[in-house]
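Student: Have a look at the structure that comes next, please.
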Amino acid sequence: MTGLFITLEGGDGSGKSTQSALLATWLEENGQTVVLSREPGGTELGLELRDIILHRRGYIDPRAEALLYAADRAHNIATKVRPALERGDVVLQDRYIDSSVAYQGAGRVLDPTEVRDVSFWATEGLLPDLTILLDLDERVSQERLKDRTKYDRLEEEKQEFHARVRAGYLELAAAEPERFLVLQATDSVETLAAVIRERVAELLAGASTEQPQ
Ligand code: TYD
């Protein structure tokens, strides 16, 4: 595969979509074809699943929740992301497997290795070239979201849940320092964007000198 797969991760309200939009503009200005995606909901089927996962009233069993995210992911990777990477595009995706390990593993307290393995099966083991983690204290995150009138099922969870999610993310990043770029989400939008651009520029330079396989 010749494209680049970049994912953005972090708690709710950490600024992923702002950074994704800025990075997409910069990449396009530099001649790259960018495909934007998100999970859940990167495809038509995914939008239906997103509605169920985030807005269905009533209890959803944690394993069922994990499988719904994995089903969305399987379809998104097979029908949207892999074809884009095969064309040589840059895929910028809001959330991926690390979200499941952090939210369903650390947050819902399912076995993180099992959660990851379900997603590996779903995606035939596709890992991102780079994962940008916008780390944010869960109290700041709640403060940022407090003016919203509607919360989804995950956002409604208590602060302890979001503290576990954050710790789960930091553990993942510590285990794979090569793949993760960990940033403080409280830094200014422009500072964050500049650091991200620098790292992506390095990746692009590396990709263009690689021998085709
Ligand atoms: P999202 O669309 O990412 O909104 P935002 O990041 O702007 O809050 O919301 C998706 C929610 O789903 C978010 O709370 C995280 C959660 N989620 C999981 O619990 N597991 C997953 O695998 C994914 C992809 C998301």
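The values are calculated or read from the model by the stated rules, or taken from the named source; none is laboratory data. Here the structure is a predicted model, which is why all the values come from computation and not from measurement. Every residue, glycine among them, receives a Cβ derived from its backbone with ideal geometry; neighbour counts consider all protein chains shown. The protein model used for the area step is the full one, side chains on, heavy atoms only, and it has no ligands, DNA or RNA in it. Shrake-Rupley method; radii C 1.70, N 1.55, O 1.52, S 1.80 Å.
Student: What distance in nm separates the simple spin-label points at TYR59 and ALA175, each placed 7 Å from Cα in the Cβ direction?
Tutor: The answer from the label model is 2.9 nm.
Student: In addition: How large is the Kirkwood hydrodynamic radius of the range 1-81, counting all unique pairs of alpha carbons, in Å? Don't jump to the answer; show the numbers that get you there.
Tutor: Details: mean 1/r = 0.0700 Å⁻¹.
The Cα-based Kirkwood calculation yields 14.3 Å.
Student: Using r as the Cβ-Cβ distance of ASP117 and ARG87, and R0 as 41 Å, what FRET efficiency do you calculate, to the nearest 0.05? Let's see the in-between values first.
Tutor: Numbers: r = 29 Å, r/R0 = 0.70.
The value I calculate is 0.90.
Student: With a 10 Å cut-off between alpha carbons and a GNM built on the chain, which of TYR151, TYR103, TYR59 moves the most?
Tutor: Judging by the Gaussian network model, the answer is TYR59.
Student: Give me the lysines in straight-line cross-link reach of LYS150: C-alpha distance below 26 Å, same-chain residues under 8 apart excluded.
Tutor: LYS16, LYS158
Student: Follow-up question, since we're still on this one. Any chance you could give the angle, 0 to 90 degrees and rounded to 10, that helix 189-209 forms with the longest Cα principal axis of the chain?
Tutor: 50 degrees
Student: Using a cut-off of 18 Å between alpha-carbon atoms, which aspartates and glutamates can reach LYS80, once sequence neighbours fewer than 8 places away in the same chain are excluded?
Tutor: GLU39, GLU44, GLU48, ASP72, ASP89, ASP94, GLU124, ASP129
Student: List the residues whose amide H sits under 5 Å from the amide H of LEU181, counting only those 5 or more places along or on another chain, with H placed 1.01 Å from N in the peptide plane.
Tutor: Counting only residues 5 or more places away or on other chains, the set is THR131, ILE132, LEU133.
Student: Taking the inverse of the average 1/r across all pairs of different Cα atoms in the range 111-213, what Kirkwood radius in Å do you get?
Tutor: Values: mean 1/r = 0.0613 Å⁻¹.
Result for the range 111-213, one decimal place: 16.3 Å.
Student: Which order, highest average first, do 186-195, 34-43, 93-102 follow once you tally other Cβ atoms within 10 Å for each residue and take the mean per peptide?
Tutor: On the way: 186-195: 13.6, 34-43: 20.8, 93-102: 24.8.
Packing order, densest peptide first, comes out as 93-102, 34-43, 186-195.
Student: Separate question: ³J(HN,Hα) across the range 110-121 via Karplus (A = 6.51, B = -1.76, C = 1.60, θ = phi - 60°), whole Hz, x for Gly/Pro?
Tutor: Each residue's phi maps through the Karplus curve to give 9, 5, x, 5, 5, 4, 5, 5, 4, 5, 5, 5 Hz.
Student: Next question. Could you give the semi-axes, largest first, of the ellipsoid that matches the range 59-176, computed as the square roots of 5 times the alpha carbon gyration tensor eigenvalues and rounded to whole Å?
Tutor: On the way: eigenvalues 123, 55, 45 Å².
After scaling each eigenvalue by five and taking roots: 25, 17, 15 Å.
Student: A further question on this structure: Measure out, as a whole number of angstrom, how far apart the alpha-carbon centroids of the range 94-141 and the range 35-66 sit.
Tutor: Here the two parts' Cα centres lie 15 Å apart.
Student: How big is the antiparallel share of DSSP beta bridges in the range 4-210, given as a percent to the nearest 5? Kindly include the intermediate steps, with their values, before the conclusion.
Tutor: Numbers: 0 of 20 bridges.
If I count the DSSP bridges inside the range 4-210, around 0 percent turn out antiparallel.
Student: May I ask you to give the solvent-accessible area per residue for the range 4-210, in square angstrom, as obtained with a 1.4 angstrom probe? Spell out each step's value before the answer.
Tutor: Working: 10260 Å² over 207 residues.
Result: 50 Å² per residue.
Student: Please state the charge dipole magnitude for the range 41-189, taken about the Cα centre, from unit charges on C-beta atoms (+1 on K and R, -1 on D and E), reported in debye and rounded to the nearest 20.
Tutor: Working: 21 positive and 29 negative charges, 81 e Å.
Value, rounded to 20: 380 debye.
Student: Turning to a different aspect of this structure: In what order, largest first, do ARG139, ARG73 sit by accessible area if the probe radius is 1.4 Å? Walk me through the numbers on the way to the answer.
Tutor: On the way: ARG139 140, ARG73 5 Å².
Largest accessible area first, the residues go ARG139, ARG73.
Student: Moving on. Across the range 83-95, in residue order, what do the Karplus-derived ³J(HN,Hα) couplings come to in whole Hz, using 6.51 cos²θ - 1.76 cosθ + 1.60 with θ = phi - 60° and x for Gly and Pro?
Tutor: Result, ordered by residue: x, 5, 5, 5, 6, x, 7, 9, 9, 10, 10, 7, 6 Hz.
Student: Whole-Hz ³J(HN,Hα) for each residue in the range 24-38, computed from phi via Karplus 6.51 cos²θ - 1.76 cosθ + 1.60 with θ = phi - 60°, x for glycine and proline: what do you get?
Tutor: Residue by residue, the range 24-38 yields 4, 4, 5, 4, 5, 4, 9, x, 8, 8, 10, 10, 8, 9, 8 Hz.
Student: What angle do you read, to the nearest 10 degrees and between 0 and 90, between the alpha-carbon axis of helix 159-175 and the longest principal axis of the chain?
Tutor: Result, in degrees: 30.
Student: Averaging over every viewing direction, what projected area does the convex hull of the Cα atoms of the range 4-210 cover, in nm²? Please report the intermediate quantities before stating the final value.
Tutor: Values: hull surface 44.8 nm².
Result: 11.2 nm².
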